[in-house]
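Student: Please see the structure below; I have some questions.
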Amino acid sequence: MADDETKGQQLEKELLMKPKNLGENDAGLLEKASEFCEGYKQFLCNKTEREVVDYTIPILEKHGYKEFVRGTKYKAGEKVFLNNRGKSLIMVTVGKRPVADGMRFGVSHIDSPRLDFKPNPLFEDTDMAYFKTHYYGGIKKYQWTTIPLSIRGVVIRRDGTSVKVKIGEEEGDPLFCITDLLPHLAQNQMKKPAPEIVEGEQLNILLGCWPFPDEKVSGKVKLNIMNLLNEKYGISEQDFLSAELCAVPAYKPSDYGLDRSMIGAYGQDDSVCAYASLMAELDAKDPEFTTVTVFTDKEETGSDGNTGMRSLFLKDFLEDFVSAYGLSARHVLMNSVCVSCDVNAAVDPAFGEVFERNNCSFLNRGPVVSKYTGSRGKYSTNDASAETMGFLRSILEDAKVPWQVGELGKVDIGGGGTIAAEISIHNLDTVDMGVPVLSMHAPLEIVSKADVYLLYKAVHAFYMSPKAK
Ligand code: MN
Ligand code: MN
């Protein structure tokens, strides 16, 4: 006890929590975090699940990962991956302990809210051509007007060949947008409730206004656009029927703030956790327990479909992987622990009334561990057990990684879920961990660089800890 410290001050230190901004304890952290986040900004340029998988596989191969071969009994230190339809990915580093002792799972999602194109998207109105969209995930529709958009995706042509589309990301590419009404004429629009200010059927992407020069054709602007697409991609209007195209914000990930302490970008939910867990996976050298890092799709629309977490693709892979050791997946899962890596809402003083400050997460206070998500009376959530919380806590504290807890806003305000519920259904101890985000699900989301870096540290500590649960 310092000479001038009172009994109360001493007890306060011993008994009470005093959360602090990360910079107060480690002034050098921002520099290390900024360095780490350079790679993260690159990763963020991949804005759909397909692009993330395409980007990640060569990195895995460079780090010695081999494609998983059924029936192989992999040895400690070996690294394998499984690509599920180019939209979800499983990455494994075999641990020194027997697989039967359990595994360490880190699961994140690589889809983000966006504007998918309808199957028959191209139309002309008032001498302008547009793509019709159907929004994907939870968005505030009005946020998607008057921002630069890029178009990306894949088209399967009649002959079965596929072509990848990406327009609006390279220097010199044209950009796209959705228009909004001028304030001068918006008297009625501005009186509407926010979900109706811009309606789903108004989210049409402006493609052009120049006609195809032929008097005998109607819909000349539409024809001109289709002709340009045909010249570039060899597609006709019918090919849209077998395509997955979407619009996403076109701007590049950047440092934000005068102190450059933050990153602003589209799709940080959940690329921030995907990147942190990927780096932890790549850096998992001779772990005690086998690590399993999963990138999953369709989280933003409820995890349905064969590439989402409600699919059995992970369970089936595990069955194949562990049967080589004469084991059943269900027995291995019982002994395993999973960190469901997803973001949480950072307290935003501009909207302070929706947050309960003792239990919500703050920017720049480290990774946020969420015991449960869901809504109202804890519906639709994995509620991590005290034992699972205690297990993760002991790992983070041994590794000296600062962390915080986080509930998603006040009890009666709303809520939301993560894939933790889809994972724990397999009788697997699961807990949520991620970073706090400002403006989550907006076309521009903000995170703290130090939080991103410490999430990597946290997942890495979880992967490398020899501690048995
Ligand atoms: Mn998420
Ligand atoms: Mn989300």
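Student: Per residue, how much space in cubic angstrom lies within the convex hull of the C-alpha atoms of region 293-443?
Tutor: Values: hull volume 18.8 nm³, N = 151.
Considering the Cα atoms of region 293-443, their hull volume per residue is 124 Å³.
Student: Still on this model: Rounded to the nearest 10 Å², what accessible area does ILE235 show when all protein chains are kept and the probe is 1.4 Å?
Tutor: 0
Student: Give me the compactness ratio for region 167-285, meaning the Cα radius of gyration over 2.2 N^0.38 Å. The partial results should precede the final answer.
Tutor: Working: Rg = 20.6 Å, N = 119, 2.2 N^0.38 = 13.5 Å.
Compared with the compact-globule rule of thumb, region 167-285 sits at 1.52.
Student: Which whole-Hz couplings ³J(HN,Hα) result when phi for each residue of region 158-174 is put into the Karplus expression 6.51 cos²θ - 1.76 cosθ + 1.60, θ = phi - 60°, listed in order with x for Gly and Pro?
Tutor: These are the phi-based 3J(HN,Hα) values: 3, 7, x, 6, 10, 9, 8, 10, 7, 10, x, 10, 7, 3, x, 5, x Hz.
Student: Extension gain LYS41-ARG393, at 0.36 nm per residue separation less the Cα-Cα distance, in nm? Don't skip to the end; give the middle numbers.
Tutor: Values: separation 352, 0.36 × 352 = 126.72 nm, distance 2.88 nm.
Fully extending the segment from LYS41 to ARG393 adds 123.8 nm.
Student: Could you give the nm distance between label points at LEU11 and ARG85, where each point is 7 Å from its Cα heading toward the beta carbon?
Tutor: 6.1
Student: When only alpha-carbon atoms count, how far does region 56-197 stretch along each of its three principal axes, as whole angstroms with the largest first?
Tutor: Projected onto the principal axes, the Cα atoms of region 56-197 cover 69, 40, 29 Å.
Student: Provide the per residue accessible area, probe 1.4 Å, for region 321-455, rounded to a whole number of square angstrom. Mind dumping the intermediate values first?
Tutor: On the way: 5460 Å² over 135 residues.
Normalised by residue count, the accessible surface of region 321-455 is 40 Å².
Student: With the Cα gyration tensor of the chain giving a ≥ b ≥ c as the square roots of its eigenvalues, does the rule (a/c under 1.5 for rounded; else a/b larger than b/c for prolate; else oblate) give rounded, prolate or oblate? Before the final figure, lay out each step's value.
Tutor: Working: a/c = 2.15, a/b = 1.40, b/c = 1.54.
Oblate shape, in that a/c is at least 1.5 and b/c is the bigger or equal ratio.
Student: Taking a probe of 1.4 Å, how large is the accessible area per residue of region 212-309, in Å²?
Tutor: Details: 3900 Å² over 98 residues.
Spelled out: the 1.4 Å probe surface of region 212-309, per residue, equals 40 Å².
Student: To continue, here is another question. Among 139-145, 275-281, 43-49, how do they line up by average Cβ neighbours within 10 Å per residue, starting with the highest? List each step's numbers first, then the result.
Tutor: Values: 139-145: 18.4, 275-281: 27.6, 43-49: 22.6.
Top of the packing list down: 275-281, 43-49, 139-145.
Student: Turning to a different aspect of this structure: Would you grab the residues whose amide H sits under 5 Å from the one on ASP429? Only those 5+ places off in sequence or on another chain, please, with H modelled 1.01 Å from N.
Tutor: Distant-sequence amide H within range of ASP429: SER336, CYS338.
Student: Taking 0.36 nm per residue of sequence separation and subtracting the Cα-Cα distance, how much length would be gained by fully extending the chain between GLN238 and LYS192, in nm to one decimal?
Tutor: On the way: separation 46, 0.36 × 46 = 16.56 nm, distance 3.72 nm.
Value of the extension gain: 12.8 nm.
Student: Quick one: which residues, 5+ away or cross-chain, put their amide H under 5 Å from the amide H of LEU245? H built at 1.01 Å from N.
Tutor: Answer set, sorted by chain and number: PHE117, VAL154.
Student: Could I ask something else about it? Hey, got a sec? Which GluC sites (Glu not before Pro) in region 194-265 land in a DSSP loop and have at most 12 other Cβ atoms within 10 Å?
Tutor: Working: sites: GLU196, GLU199, GLU201, GLU215, GLU231, GLU237, GLU244; in loops: GLU199, GLU215.
Qualifying residues, ordered by number: GLU199, GLU215.
Student: State the Kirkwood hydrodynamic radius of region 1-82 in Å, one decimal place, computed from all pairs of distinct Cα atoms.
Tutor: Working: mean 1/r = 0.0556 Å⁻¹.
18.0 Å is the Kirkwood radius here.
Student: With θ set to phi - 60° and the Karplus curve 6.51 cos²θ - 1.76 cosθ + 1.60, what are the ³J(HN,Hα) couplings of region 136-144 in order, to the nearest whole Hz, using x for Gly and Pro?
Tutor: Per-residue couplings from phi come out as 10, x, x, 10, 8, 4, 5, 6, 9 Hz.
Student: Shape call for region 213-371 from the C-alpha gyration tensor, a ≥ b ≥ c root eigenvalues: rounded (a/c under 1.5), prolate (a/b greater than b/c) or oblate? Can you show the working numbers first?
Tutor: Details: a/c = 2.58, a/b = 1.38, b/c = 1.87.
Oblate shape, in that a/c is at least 1.5 and b/c is the bigger or equal ratio.
Student: Which three extents, in angstrom, do the Cα atoms of region 381-460 have along their principal axes, listed largest first?
Tutor: That gives 35, 29, 22 Å along the principal axes, largest extent first.
Student: Could you work out the per residue convex hull volume over the alpha carbons of region 317-404, in cubic angstrom?
Tutor: On the way: hull volume 12.7 nm³, N = 88.
Roughly 144 Å³ of hull volume per residue.
Student: Quick check for you: with a 1.4 Å probe and neighbouring chains kept, what is the accessible area per residue of region 20-129, in Å²?
Tutor: Each residue of region 20-129 exposes 45 Å² on average to a 1.4 Å probe.
Student: Can I ask one more? Using the per-residue mean of other Cβ atoms lying within 10 Å as a proxy for protection, in what order, highest first, do the peptides 107-113, 306-312, 252-258 fall?
Tutor: 107-113, 306-312, 252-258
Student: Using 0.36 nm per residue, how much length does the chain from LYS32 to VAL154 gain when fully extended, once their Cα-Cα distance is taken away?
Tutor: Values: separation 122, 0.36 × 122 = 43.92 nm, distance 3.73 nm.
Here the segment from LYS32 to VAL154 would lengthen by 40.2 nm.
Student: Just the number, please: carbon plus sulfur as a percent of the accessible area of the chain, 1.4 Å probe, no ligands or DNA/RNA counted.
Tutor: Working: 11780 of 22410 Å².
Looking at the chain in its full context, I get 53 percent from C and S.
Student: Relative to the Cα centre, what is the charge dipole magnitude of the chain, using +1 at the beta carbon of each Lys and Arg, -1 at the beta carbon of each Asp and Glu, and rounding to the nearest 20 debye? Spell out each step's value before the answer.
Tutor: Details: 54 positive and 67 negative charges, 183 e Å.
It comes to approximately 880 debye.
The values are calculated or read from the model by the stated rules, or taken from the named source; none is laboratory data. None of the values given here were measured: they were computed from a predicted structure. Glycine also receives a Cβ, built like all others from the backbone with ideal geometry; neighbour counts cover every protein chain displayed. For the accessible areas, the whole protein counts, side chains as well, though only heavy atoms, and no ligand, DNA or RNA atoms are used. Shrake-Rupley method; radii C 1.70, N 1.55, O 1.52, S 1.80 Å.
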